[in-house]
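Remarks on the structure that follows.
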Amino acid sequence: MGDQPLLRISLPLAVCAAVFPFVLVAHQDELPPGTLPAAATAALAASLDAATAHPKHVWRDTPALNSDGSVNAFVEIPRGERRKWEFDMKLNALALDRVIPEDLGGYPVNYGFVPQTVSYDGDPFDALVLGEPLPRGQLVRGVIVGLMLMEDEKGLDSKVVLARSTSGGDPRQALAERDRAAIAGFFMRYKQHEPGKFSRVPGWASPPAGRAHVATTHAFFLQCRERAHSPCDVSF
């Protein structure tokens, strides 16, 4: 990072210590917003209420993070799949949402979410897992290798990018330029057949930025459940 100044993520130190065992830093333009919108706090409360029917719930009860610093991801859609599956909070299972049109092709990367998180649109924070197609419904551990910045009709919708790890804890693969091109190209186009919807991918950010987004969306899950229909701020 050279001589560029580093900024700590705008979360209370206690939250940072609980979420990650190391310091989170990012460039200023990579810091995630520290406030969860009112519509998203309402969605969080609704998701938690829907999950109460299950004594063990994938999203509610699976840790977002592991002691080695890796991130857990629940796979909703395997790489190459055109069927868009989404996790149904009430069913605690995947449900088919729609089929991606043939001209768009299948997902170029495994797609899912980080448990115990809520993002700015009220859904769990999205995770993209590099590598071979993974079974739908599988829970995997990944090392953060980047962050895809994305916006859609609901607002900020960035996605953390993970790679499976080696026995030594290193990522099995880097986020290569060809990966970025294929992933960004798909997500810029994948809503083009849906009237009134859009998606933009303004760029990519560093692994520390990905960690900051996971930490923030996990803090939203932990701290914003009593703030339904009101904005919830987890920053200083």
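The table for this structure:
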quantity	calculated
Only Lys, Arg (+1) and Asp, Glu (-1) charged, at Cβ; the stretch 32-81 dipole about Cα centre in debye	40
For peptides 194-202, 145-153, 158-166, sequence by mean Cβ density within 10 Å, most packed first	158-166, 145-153, 194-202
Packing rank of 104-112, 172-180, 213-221, where each peptide gets the mean count of other beta carbons within 10 Å, highest leading	213-221, 104-112, 172-180
Count of Lys pairs (Cα-Cα under 19 Å; at least 8 positions apart or interchain) in the stretch 88-236	4
Sequence-distant residues sharing a close amide H with residue 137 (under 5 Å, placed H)	75, 76
Between the stretch 199-225 and the stretch 127-180, the alpha-carbon center distance in angstrom	13
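Laboratory data are not the source of any read-out in this text; all were calculated from the coordinates shown. Small disclaimer: the values here were computed from a predicted structure and weren't measured. Counting neighbours? That spans all protein chains shown, and the Cβs are built from the backbone with ideal geometry, glycine included.
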